[in-house]
Amino acid sequence: MEWSRILTQVLGELVAPTTAAYALAAIGLNLHFGYTGLLNMGQAGFMLLGAYGFAIASMHGASVVVALLVAIACGAVFAAVLGIPTLKLRGDYLAIVTISAAEIIRMVGRSTMFDDWTGGSSGLRGDQYTAGFQALSPLPDGRTTIGPLTYLNNGFDSWWLRLVAWGVVALAVVFVLLVTRSPWGRVLKGIREDEDAVRALGKNVFAYKMQALVLGGVMGALAGVLYTLPRSVQPDGMGRSMTFFVWTVLLLGGAATLFGPVLGSMLFFALYMLLRAGMRVALPDGFVSATQIEQIGGMLVGVTLMALVIFRPQGILGNRKELAFDVR
Amino acid sequence: MSAEMSSPTTAVEAAAAAAADPASAEAVQVARDLTFVEPRVGVAKPDAVLVVDGVQRRFGGMTAVDVDHLEVQRGAITALIGPNGAGKTTLFNLLTGFDTPNQGSWTFDGRSLAGRSGAAVARAGMVRTFQLTKALSRLTVLQNMLLATPRHPGERLGLSWLPFLWRAREREATEKALEILARFKLDAKKDDFAGALSGGQRKLLEMARALMTDPTVIMLDEPMAGVNPALVQSLLGHVQALRDEGMTVVFVEHDMHAVRHISDWVVVMAEGRIVAEGPPGTVMQDQAVVDAYLGAHHDTDLGDDALLDPAVLARLEAEATGRQSAPETDHQEEQR
């Protein structure tokens, strides 16, 4: 009985809006790292900024479409601000700048300075900004059960949100499919391999890197919106560990693969849930406390990331042969 | 020249013609043009495609490049030689926009290129290769080639996701790429990752890729470095074929046999300056160049069995000790 409940929880994780949000963030990171070779260590910053943009715009009377445009603009401007000084330099500089910029966004968000806008460290409550989105639902009120999963049709953690979230992920996958199979994507891959060689062939490397950074950043911002729609905007919940979760998702599925981020996200959250729920059931009472289980789970994520990079750097869907030529 | 030496119509024919007879019609024409040019540093050429004026590059207190005036003849193969650290590659980097000089100007086809980016220089028609080959490893050979296609609409983000807008251009580029690959005998490898190619094949690929941009001037940085002798012959043939198609070739090289074999004009650099220029025969006989930069026995093969003969060794040693005093003081004065 206990185990069937756990399996249902795991199945729920596979379709959860949070899983979709991470998949979208990883798709954006895949454009950065997988295809262009940009080391963005601050994807959570893009997500947090997108979430703030959407939530604050909604709270001040903007429609859902306008609020989404604000989120997109936040991601794009953030990418441009980070990219202009760093994209002409070597890759490591972008990594340093993004990780600190993401922290700056979080610190500014949680400070009392902009309390009226961001709600400080307690953040913004979900019901303050999700009403407009929930009102758009065409679904009838009530509950729907599909297989073992039962959710409300409308509301916070609803089927409507799941439909929209996975719809956005599907659109992003199709978009990435189209652009990475195009000559534009070929230039990105060339830049990943050796940007001087691409420059010597007459391509404006800076412009391509900037385009990739902005596109991936906008996807990160939208992922932030998806992530905060079923909960609240909590700056401390969207810090460095979130960035590393996104990296784990990407590397698990396989960087520079089309479905890697989606598969990685589903697998990651399903296993993460199985691990924590399984520990709660399997370990005898009083052996570990509930908070310790969370901490052990986090540690295991770190170990997984390390093992992945060492033993299967190409991820699940990646091509080992391709990686063998990495000269850097 | 005989009547059948008509100008080659295709790249393959040009390569074949070059292989069959090093003195092709174009080579003869260029040689004739350069016959009347005085072998003097900074001399004007009859038809200069690249003119360099007062280019200086300093790294701290060290002046890496200090070129007063240099002209490169259109349609000729110009070799840039000199000892390690002479500033050859730095000059290449400056001219192709990969480094910025402290002062100086240069024009390409009459347009100034000073201050332009590497990409802009390549788009203007002056494309370069690198000393350390830059094959894009995780792209296939064909993708490497297609990447170099100039003015490809599919490379613009706004159009990239609408394949019907750029499919025709892509097909055209693929045809051209396959033709060039066939000429470099890489067509069988077109679907292999470039990282799987041998060192020599990567050199060929880099040269082939540069050709995709339809350059006016192609700048090769040590194209023969690390390539086995058998492949050097074929590389030399390819370089000559480029000239026979009307391209201007500038190349840096250490292999003196290669330089003498194919170049129409040789520029010698040392300590950042141009110390001599002229046709290969003349320059290599220039005593200063031979002594200081090529070594008195640059023609002697170090693996030559004759060196094992004690008599020969003794003579060489005597020569070396005898020469040590006089030329060295000369050299030091020159530095001041």
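The values are calculated or read from the model by the stated rules, or taken from the named source; none is laboratory data. Being a predicted model, the structure only gives us computed values, none of them experimental. Because the Cβ atoms are built from the backbone with ideal geometry, glycine has one as well, and the counts that use them run over all protein chains shown.
State whether the residues of the range A:274-281 include one that is over 23 Å from A:Thr8 (Cα atoms) and either more than 14 Å from chain B (Cβ to nearest Cβ) or under 23 Å from the mean Cα position of the chain (by Cα) (or both). No, that holds for no residue.
Among the helices (runs of 4 or more DSSP H) contained in the range A:129-203, which hold 3 or more residues that are more than 14 Å from every other protein chain (Cβ to nearest Cβ) and within 22 Å of A:Val218 (Cβ to Cβ)? Talk me through it step by step, then tell me what you get.
Values: elements: A:131-135, A:159-180, A:183-193, A:195-200.
Because the criterion is at least 3 residues that are more than 14 Å from every other protein chain (Cβ to nearest Cβ) and within 22 Å of A:Val218 (Cβ to Cβ), the helices (runs of 4 or more DSSP H) in the range A:129-203 that meet it are A:159-180.
For the range B:177-185, the criterion of being away from chain A (no Cβ under 12 Å), farther than 23 Å from A:Lys189 by Cβ, modelled with pLDDT under 95 and in a loop (DSSP other than H, G, I, E, B) is met by at least one residue.
Table: residues versus (1) out of contact with any Cys (no Cβ under 9 Å at 6 or more places or on another chain); (2) crowded, with 19+ Cβ neighbours inside 10 Å; (3) in the same structural domain as B:Val252 (by TED's automatic domain parsing); (4) more than 22 Å from A:Asn204 (Cα to Cα).
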| residue | (1), (2), (3), (4) |
| --- | --- |
| B:Leu142 | yes, yes, no, no |
| B:Leu147 | yes, yes, no, no |
| B:Pro150 | yes, no, no, no |
| B:Gly154 | yes, yes, no, no |
| B:Ala173 | yes, yes, no, no |
| B:Lys176 | yes, no, no, yes |
| B:Leu181 | yes, yes, no, yes |
| B:Leu186 | yes, yes, no, yes |
| B:Asp191 | yes, no, no, yes |
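Scanning the range B:134-166 for residues that are at the interface with chain A (Cβ under 9 Å from one of its Cβ atoms) and β-branched (Val, Ile, Thr) yields a single hit, B:Thr149.
Entry remark, the range B:116-151: residues being touching a helix residue (DSSP H, G or I) at 6+ places or on another chain (Cβ under 7 Å), over 16 Å from B:Leu197 (Cβ atoms) and part of a helix (DSSP H, G or I) number 4 in total. B:Leu91 meets all of the listed conditions (1) of a type outside the set (Gly, Ala, Ser); (2) in a helix (DSSP H, G or I); (3) within 14 Å of chain A (Cβ to nearest Cβ) but one, namely (3).
The condition of being surrounded by 15 or more Cβ atoms within 10 Å (Cβ to Cβ), in contact with a Leu (Cβ under 6 Å, 6 or more places away or on another chain) and either more than 26 Å from A:Ala57 (Cβ to Cβ) or without any contact (Cβ under 8 Å) to a residue 24 or more places away in the chain (or both) holds for A:Leu308. Each residue in the range B:192-225 was checked for being within 11 Å of chain A (Cβ to nearest Cβ) and without any contact (Cβ under 8 Å) to a residue 24 or more places away in the chain, and 1 pass. Going through (1) in contact with a Gly (Cβ under 9 Å, 6 or more places away or on another chain); (2) under 25 Å from A:Val262 (Cα atoms); (3) surrounded by 21 or more Cβ atoms within 10 Å (Cβ to Cβ); (4) not charged (D, E, K, R) one by one, A:Ala165 falls short only on (1). Pairs meeting the criteria (first residue in the range B:266-279 and over 16 Å from B:Phe59 (Cβ atoms) and without any contact (Cβ under 8 Å) to a residue 24 or more places away in the chain, second residue part of a strand (DSSP E or B) and not hydrophobic (A, V, I, L, M, F, W, C), beta carbons under 8 Å, at least 6 apart or on different chains) are lacking.
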